[in-house]
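What follows is a set of notes on a single structure, which appears directly below.
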Amino acid sequence: MIRVMTIEDVRQLLKKVTLERFFLRLIEQLKSDFARWPEFRKSPRHAIQSSDGIIELMPTADKEYYSFKYVNGHPNNTQHNKLTVVAVGQLSSVKTGYPLLLSEMTVLTALRTAATSALASQFLAPKGAQKLGIIGTGAQSEFQVLAHHYGLGIREVFYFDVDAKAMLKFAKNLEPYRLKLHPCKEGRSVLDQCDLITTATARPGRQKVLEADWVKPGMHINKIGGDSPGKTELDPRLVEKCKIVVELTEQTRHEGEIQQVDVPLYAELWELAAGKKKGRESPTEITLFDSVGFALEDYSVLRLVHELATDHHLGHKLDLIPDMVDPKNLFGVIA
Ligand code: NAD
């Protein structure tokens, strides 16, 4: 029997645990998993690109668990009332190879991407940062804001999207939280007023969501939307000015902002989590977490969900794997 977590199960889990506690646990889980980076099997994800988007498989494993995620990125999907990013994932036992958990991962991807941004911000954002900017108020946006609210104490949010409806949706969803929300008329005014920023837009091609001259010294940038070959968000002149942190260098060189420019990198995120390198070193440096999403983040969220779902008896047990008395008698299962 495999535990299956549907979207409704994940919703129930978050209700039981609360979003705040889930985010705090997830940030801790990510930090401790990144800190033991050498224990993981790592490779760039397997990607198949088409003119409409990208479909990816993201596996990793340590000695105990194997995980993988199926995920896509189709920037034009929202024009047809479909999500840009959807995902499903699995956690298995390395010892037996048996799957333990099969889960929806569209919501879990938004949660883990936001928690990873918040972890990077904990190391790289200017001290005492209170004002978060966000450009692109689509599916990922509220998650990014709340991970920073809970993980860093962010109280004010400046935001912009080219789609006015997406901005209204964002404001409505965040109304119940204790946040000061400031809609902005353009990306530049978001930047003028915040201490750190997430860019979460979805457009094919080379975009300049942030231009080099807009960014003031001391800013931290979490860029999540430039995440596949030929799809970037930042002015390359800005990338050249930044102290850059990535997930897996080999993958990010191909998929991140650094595919545009040949610049030296400061660190991989695990080196900050493991205390091998410092995060922010001066109040004036511009730091960039060039996030494209790495399989370890899916591993961390799947492990946490597996643990919490077991504790709270959530999810459905489905017979997707034969339960055998005589393991050599597979034919008996259908006879
Ligand atoms: P979405 O389509 O729901 O939202 C994207 C928003 O960006 C839309 O509201 C759109 O109007 C807006 N936008 C596009 N161009 C803009 C511009 N120039 N200025 C302002 N707003 C603009 O997509 P989503 O699910 O929120 O994902 C956002 C991005 O994050 C995607 O590119 C996706 O591939 C990426 N992503 C990355 C990770 C990661 O781990 N790094 C994980 C999940 C998603």
Next on the checklist: Assuming 0.36 nm per residue, please report the length gained on full extension of the stretch residue 50 to residue 130 beyond their Cα-Cα distance.
Outcome noted: 24.8 nm
Item to check | Relative contact order for the chain, counting Cα pairs under 8 Å that sit 6 or more residues apart, in percent | outcome: 21
Checklist entry - For the pair residue 20 and residue 180, what calculated FRET efficiency results from E = 1/(1 + (r/R0)^6), where r is the Cβ-Cβ distance and R0 = 25 Å, to the nearest 0.05? => result 0.85
Next on the checklist: Amide H of residue 134 versus every other amide H placed in the peptide plane: which residues, excluding those fewer than 5 positions away on the same chain, fall under 5 Å?
Outcome noted: 158, 159, 160, 198
Item to check | Average silhouette area of the chain, convex hull of alpha-carbon atoms, in square nanometres | outcome: 17.9
Item to check | Potential lengthening between residue 70 and residue 93 on full extension [0.36 nm per residue; Cα-Cα distance subtracted] | outcome: 6.5 nm
Checklist entry - With the chain treated as a Gaussian network of Cα nodes joined by springs under 10 Å, which of 79, 140, 49 yields the largest mean-square fluctuation? => result 79
Checklist entry - Based on DSSP, what percent of beta bridges with both residues in the chain are antiparallel, to the nearest 5? => result 50
Checklist entry - Stretched out fully, how many nm does the piece from residue 319 to residue 253 gain, at 0.36 nm a residue minus the Cα gap? => result 19.7 nm
Item to check | Solvent-accessible surface (1.4 angstrom probe) belonging to residue 324, in square angstrom, nearest 10 | outcome: 60
Next on the checklist: Per DSSP helix of 4 or more residues, -39500 (n - 2.57); summed, then divided by the residues of the chain. What does that give at 222 nm, rounded to the nearest 500?
Outcome noted: -10500 deg cm²/dmol
Checklist entry - What longest range of the chain stays clear of loop-exposed GluC sites (Glu not before Pro) (DSSP non-H/G/I/E/B, at most 16 other C-beta within 10 angstrom)? => result 65-185
Item to check | Distance in nm between pseudo-label sites at residue 206 and residue 282 (7 Å out along the Cβ direction from Cα) | outcome: 2.8
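The values are calculated or read from the model by the stated rules, or taken from the named source; none is laboratory data. All values reported here derive from a predicted model rather than from experimental measurement. A quick note on method: Cβ atoms are made from the backbone with ideal geometry, for glycine too, and the neighbour counts reach across all protein chains shown. Quick note on the areas: whole protein, heavy atoms, side chains included, nothing else; ligands and nucleic acids left out. Shrake-Rupley method; radii C 1.70, N 1.55, O 1.52, S 1.80 Å.
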